[in-house]
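The values are calculated or read from the model by the stated rules, or taken from the named source; none is laboratory data. Everything quoted here is computed from the prediction, not taken from an experiment. Positions of Cβ are generated from backbone atoms using ideal geometry, with glycine treated the same way; all protein chains shown enter the neighbour counts.
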Amino acid sequence: MTSDGERLYLAYGGQARSELVPVGDNRYLQRESTDERSFNKDADGRLSLQFAPRGGPAQSFPRLDDSQVQPRELLLRGNASALAAYQALQKAEDKAASEGHLNGQGFDLLERGNIQAGVAMLSLNTQLYPAAANTWDSLGYAYLAQGNKVKARVAYRKALAIDPAFASAKAALLKLE
């Protein structure tokens, strides 16, 4: 969350910021979404962001101290402690460290043109889930987006070593060779 004069903006790590438009008392909509957001104070006066996705349960995100950094921020900054932070989330069975979530985050970064961050996210996913063919296949795709055919081949071969029938890795490797 940032402000620019009277305007509020929301941005997830590695993504462009988006304006929050006021729609009522302490309630906002993001221009690109119909999901409502609001800011509430807890009993101790600390702010939290309330997020109410359409068709899903409301979520609450307490304001972090300025010194606190999320694992995704560490990763996007190239901080080596990102892996340990994600491993702790993985151990706690937090969805933010699930194979599917990280894969989706990596592809989202690639689609937004942030190729380097997408490669970093998908590479992290292979470190957390080295026995999953899909993580290696996705990393191969990211390396191709980066223009690195050598690393793409290596990643696709690792996917096929895990699952010799993995169709997208087979197809990509055939195109590369």
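Things to note:
- Some residue of segment 36-57 being assigned to a strand (DSSP E or B) and hydroxyl-bearing (Ser, Thr, Tyr): yes
- Enumeration of residues in segment 45-102 that are within 17 Å of Thr135 (Cβ to Cβ) and of a type in the set (A, V, I, L, M, F, W, C): Leu75, Ala82, Leu83, Leu89, Ala96, Ala97, Leu102
- Restricting attention to segment 98-114, the residues being in a helix (DSSP H, G or I) and farther than 21 Å from Ser81 by Cα number 6.
- Candidates Tyr129, Tyr143, filtered to the one that is under 19 Å from the mean Cα position of the chain (by Cα), within 30 Å of Gln59 (Cβ to Cβ) and either at pLDDT 95 or above or of a type in the set (Val, Ile, Thr) (or both): Tyr129
- Only one of the listed residues (Ala96, Ala43) is exposed (fewer than 14 other Cβ atoms within 10 Å of the Cβ) and either polar (S, T, N, Q) or at negative phi (or both). That residue is Ala43.
- Restricting segment 129-177 to residues that are touching a residue at least 24 places away in the same chain (Cβ under 8 Å) and among the hydroxyl-bearing types (Ser, Thr, Tyr), the residue that is nearest to Ala84 (Cα to Cα) is Tyr129.
- Residues that are in contact (Cβ under 8 Å) with a residue 24 or more places away in the chain and surrounded by 14 or more Cβ atoms within 10 Å (Cβ to Cβ), drawn from segment 64-92: Gln70, Pro71, Arg72, Glu73, Leu75, Leu76, Ala82, Leu83, Tyr86, Gln87, Gln90
- Pairs linking a residue in segment 93-122 that is touching a residue at least 12 places away in the same chain (Cβ under 8 Å) to a residue that is aromatic (Phe, Trp, Tyr), with Cβ atoms under 6 Å and 6 or more positions apart or on different chains, are Ala97/Tyr86; Glu99/Tyr129.
- Output for segment 13-53, where each listed residue is among the small types (Gly, Ala, Ser) and within 30 Å of Asn79 (Cβ to Cβ): Gly13, Gly14, Ala16, Ser18, Ser33, Ser48
- Hits in segment 30-66 - residues which are in contact with a strand residue (DSSP E or B) (Cβ under 9 Å, 6 or more places away or on another chain) and among the hydrophobic types (A, V, I, L, M, F, W, C): Phe39, Leu47, Leu49, Phe51, Ala52, Ala58, Phe61
- Filtered by the rule that a residue be buried (at least 22 other Cβ atoms within 10 Å of the Cβ) and of a type in the set (Gly, Ala, Ser), segment 101-115 gives a lone residue, Gly106.
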